[in-house]
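Single-structure report; data block below.
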Amino acid sequence: MSPFNITFLVTIFLSLFFPTLGQVDPTLSRPKSQTLSYIESSCNGTLYRELCIRSLSKFASTNEIDGPQHLAHVALSISLARAIHTKNYLVGVSNNNNNNNDRKKRREYQTIQDCVTQLSDSVDQLSQSIKELRRMNNKSRSTINDDFLWHINNVETWVSTALTDASSCVYAFPGHRMSKRTASIRGKAMNVAQVTSNALAFIHKYMEAATRNTKP
């Protein structure tokens, strides 16, 4: 899947889960240059800053990125799109390697199968977290209450679990003497883990911003 299609898939997720995000008041939305600056400053607190800026900058001219909550939405949608793409790629590789009688290839096949399961779990967890953010988006609040904390804790738990699953796939492949295909699989899984790590950082930032801006 090309970067264009990844971006298109993210846009579809945003429109499905958050149909109101594209309807931000034009007087409140930032010019593209200001949005890029906001993205760069926000990415400073992530583990993978360059990847963060590169993946989010594609959305600098849209209204999706208009504060910590929108930033978390977009980051999670990117993570979900990458997880789906990588899972589908692994399913294709697995199907082509299913009938191999070589012992080493069979072991590699089982590892790939395990990764398919782990990334499928990541897709489920990320989908749940996005739906939970939508529930939060649909509720008006002026204070941080138990209901808000329950929702945000659910999101944090699901995204953390998705990160663990993607990381497990990365660690399943050794970092030395890998075939070109194995290196490609490991790289794709690592990309999912890294964008998910960045998304989790934005969830924490959203929580901090909401707590800071709440009315007493």
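Which distance in nm do the two modelled labels at R107 and L149 give, with both placed 7 Å along the Cα-to-Cβ direction?
4.9 nm
Using a 1.4 angstrom probe and counting only protein chains, how large is the accessible area of T182 in Å², to 10?
Its heavy atoms expose roughly 10 Å² to the probe.
Sorted by mean Cβ packing within 10 Å, highest first, what order do the peptides 123-134, 42-53 take? Don't skip to the end; give the middle numbers.
Details: 123-134: 21.1, 42-53: 16.8.
In descending order of packing, they fall as 123-134, 42-53.
So which trypsin sites (Lys or Arg not before Pro) in segment 160-197 end up in coil per DSSP with only 16 or fewer other C-beta atoms within 10 Å? Could you put the intermediate results ahead of the total?
Working: sites: R177, K180, R181, R186, K188; in loops: R177.
Those that pass, being in a loop and sparsely packed, are R177.
Treat every Asp and Glu Cβ in segment 46-213 as -1 and every Lys and Arg Cβ as +1, leave all other atoms uncharged, and give the resulting dipole magnitude about the Cα centre to the nearest 20 debye.
Details: 22 positive and 14 negative charges, 162 e Å.
Its charge dipole is roughly 780 debye.
Test of understanding: what is the full-extension gain from R212 to S41, defined as 0.36 nm times their sequence separation minus their Cα-Cα distance? Present the calculation step by step, with values, prior to reporting the outcome.
Details: separation 171, 0.36 × 171 = 61.56 nm, distance 1.81 nm.
So the chain would gain 59.7 nm between R212 and S41.
Sorted from largest to smallest, which semi-axis lengths in Å does the alpha carbon gyration tensor of segment 46-213 give for its equivalent ellipsoid, taking the root of 5 times each eigenvalue?
Numbers: eigenvalues 237, 50, 31 Å².
After scaling each eigenvalue by five and taking roots: 34, 16, 12 Å.
Give me the percent of accessible area attributable to carbon and sulfur for segment 46-213, probe 1.4 angstrom.
Numbers: 3680 of 8090 Å².
After summing per-atom areas, the C and S share lands at 45 percent.
For segment 46-213, what is the accessible area per residue in Å² when the probe is 1.4 Å?
On the way: 8090 Å² over 168 residues.
Using a 1.4 Å probe on heavy atoms only, each residue of segment 46-213 averages 48 Å².
The values are calculated or read from the model by the stated rules, or taken from the named source; none is laboratory data. The shown structure was predicted, so the numbers you read here are calculated from the model rather than taken from an experiment. Counting neighbours? That spans all protein chains shown, and the Cβs are built from the backbone with ideal geometry, glycine included. To get the accessible areas, we keep the full protein, side chains included, count just its heavy atoms, and leave off ligands, DNA and RNA. Shrake-Rupley method; radii C 1.70, N 1.55, O 1.52, S 1.80 Å.
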